[in-house]
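One structure is given below, encoded as C-alpha cells.
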Amino acid sequence: MSVNPFIVQRPIKYGEPFCNRKGEMAQLESAAKRSEAICILSIRRFGKTSLINQVAGHLEDQGWITVRLDLSRSFSVASLVKEFETALLAIKGRWERLIGHLKSVSTIRPQLSMDPMTSQPSLSFDFSRPRDEMNALRHVLEAVVSFPEKTGGDETRLCLVLDEFQNIRKIDPKGRLEWIFRSVFQERSQRFVPFLLGSEKHLLRLMVQEESSAFFKGVTPMELDVLPEDEVVDFVTSQFQRGLKLKMPESRIRGVYRIFGGHPFAINWFWAEMWSLEERSKYLEPIETYVQVAVRIILNQRDYYEAINSKLPLGARKVLLAIAEHEPVAKVFSKDFMVNACGMSQGSLQSALKVLIEEDKIKKTSRGYIVNDPLERLALAVADLDEDELKIFVKARIEQEE
Ligand SMILES: Nc1ncnc2c1ncn2[C@@H]1O[C@H](COP(=O)(O)OP(=O)(O)O)[C@@H](O)[C@H]1O
Ligand SMILES: [Mg+2]
C-alpha cells in the first residue's frame with residue numbers, strides 16, 4: 001500500500017511531499033546566498049516550519065550546515081544558552097574539532113567530563129567567567145555565527161533558523177535579547193545567514209518593523225499566505241494519480257479548497273483522510289464522503305478555536321464573532337456594527353479591537369477588518385450550527401460554482 005503523502009500533525013520534512021511554495025523557496029535560497037536575514041511571519045499551521053525544512057534541506061545538499069532551533073519552549077535566558085550550546089555541539093559531530101573551535105572563543109572553556117551515571121564522556125561548558133547569562137548568550141551566539149570562518153574549509157556556510165523567534169521578546173519584554181542577537185548578527189560574514197520564523201505576527205512585527213526595534217531594516221520580513229488554489233489542485237491530483245492511480249475530480253479539489261479558504265493544514269488534513277478511506281474508489285465520487293470528512297475536521301477545529309478563544313475577554317470574543325459574520329467591516333464605529341451587531345459602547349469596542357489585533361485574531365485590510373485565519377473564520381461562521389445544518393452548509397460550499 002502506498003504511504004499517505006499528506007503529512008499532518010508535524011511539519012513536513014525535506015524530501016516529503018510538499019505543495020509548491022516555489023517562489024518562497026527560491027527567495028529564501030537566494031537570500032541565504034547573499035547572507036540576507038529574513039523573518040518569515042504567518043499565523044500558526046500555515047507551513048513556515050515545513051517551508052524552511054525544504055529550504056534547509058536544499059542548502060544542505062549544497063554543502064551548507066544548517067542549525068534549526070525551535071524557541072517555543074525556551075522560557076529563560078539560561079534555556080536559550082542551553083539550546084545554542086547543544087546546537088553548537090551538533091554542528092560538527094566531531095568533538096575534538098569542536099573543542100578546538102570553542103577554545104578560540106575566549107570566554108567559553110569547554111571541558112570533557114565523565115557522566116558518573118553512564119560513564120559516558122560528555123562535553124560541558126564552563127561559564128564561570130561570564131557569570132551573567134546575557135553575556136553567556138552573546139558568547140555562544142558569537143561562536144555559532146563565526147563558526148564558518150573559525151572552522152577549516154573555506155566553503156563552510158551556515159544557515160541558522162530560529163523558529164518561534166518572538167519568544168525572545170517574551171523572555172525579555174524589554175527587548176534586550178533582541179539587541180544581543182542583532183549586534184551579533186551584524187558582525188556576520190557572507191557565510192552566515194539567520195532566518196527568523198514566528199507565528200505571533202503582532203509581536204514579531206514589533207520586533208522587526210517598528211522603527212525603534214532592534215531588527216528594523218536589519219531583516220527582510222516575508223509574510224506567508226495561504227496556498228494558491230491551482231497549486232493545490234496540481235498537488236492533490238498528482239499525489240492521488242501517482243500513489244493510488246486515482247483521478248481526483250478537479251471540481252471537488254476546488255470545492256474543498258474553497259471551504260477551507262486555502263488553509264494549508266486543513267487542506268492537507270482533509271486529503272490525508274480521503275487517502276486513508278477504505279474502498280477508496282467506491283467512496284471518492286459521492287459528495288457525501290467529502291461532506292462527512294470535512295464536517296469531522298470542522299467540528300474538531302471548532303472545538304480547537306473555542307478552547308483557544310476561551311482565554312479572550314468576553315467583549316473581544318463577541319466582537320470577533322461579529323466581525324466573522326459581517327466582514328469586511330469597514331466602519332467599526334458605525335451604529336450598525338457597534339450598536340446593532342456588537343451592542344457595545346465605543347470604549348469597550350475599542351479595547352476589544354485592541355485585544356483582537358494584539359492576539360492576531362483580526363487584521364485591518366483596505367476593505368475593513370477581517371478575521372485573520374481562514375480556518376477560524378469557517379469555525380466562527382458555523383459556531384451555532386448543529387451537525388445536520390453543518391452538513392448542508394458544507395455541501396453547498398463544496399458544490400458551489402465560482
Ligand atoms: N506547502 C505545503 N504543502 C502541504 N501541506 C502543507 C504545506 N504547508 C503546510 N502544510 C500542512 O500544514 C501543517 C502545518 O505546517 P507547519 O510547517 O507546522 O506550519 P507552521 O510552522 O507555520 O505552524 C503541516 O503538517 C502540513 O499538513
Ligand atoms: Mg512551526
Quiz item: In region 35-68, which residues have a backbone nitrogen under 13 Å from the label point lying 7 Å from Lys217's Cα in the Cα-to-Cβ direction?
Solution: none
Self-check item: Separation in nanometres of the label points that stand 7 Å from Cα toward Cβ, at Lys170 and Asn135
Solution: 2.9 nm
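How much net charge surrounds Ser183 when only other residues with a Cβ under 14 Å from its Cβ are counted (Lys, Arg +1; Asp, Glu -1)?
Neighbourhood net charge equals +1.
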Practice problem: Would you mind checking Lys150/Lys217; Lys48/Lys391; Lys82/Lys150; Lys33/Lys201; Lys22/Lys395; Lys13/Lys217 for any pair whose Cα atoms are more than 23 angstrom apart? | Solution: Lys150/Lys217; Lys48/Lys391; Lys33/Lys201; Lys22/Lys395; Lys13/Lys217
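About its Cα centre, how strong a charge dipole does the chain have in debye, to the nearest 20, once Lys and Arg get +1 and Asp and Glu get -1 at the Cβ?
Numbers: 56 positive and 56 negative charges, 201 e Å.
Magnitude of the dipole: close to 960 debye.
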Quiz item: Taking a ≥ b ≥ c as the square roots of the eigenvalues of the Cα gyration tensor of region 185-274, is the shape rounded (a/c under 1.5), prolate (a/b larger than b/c) or oblate?
Solution: prolate
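Since every read-out is calculated from the coordinates, none of them should be taken as a lab result. It should be emphasised that the depicted structure is a prediction, and the values quoted were computed from it without experimental measurement. Cβ coordinates were reconstructed from backbone atoms using ideal geometry, including for glycine residues, and neighbour counts include every protein chain displayed.
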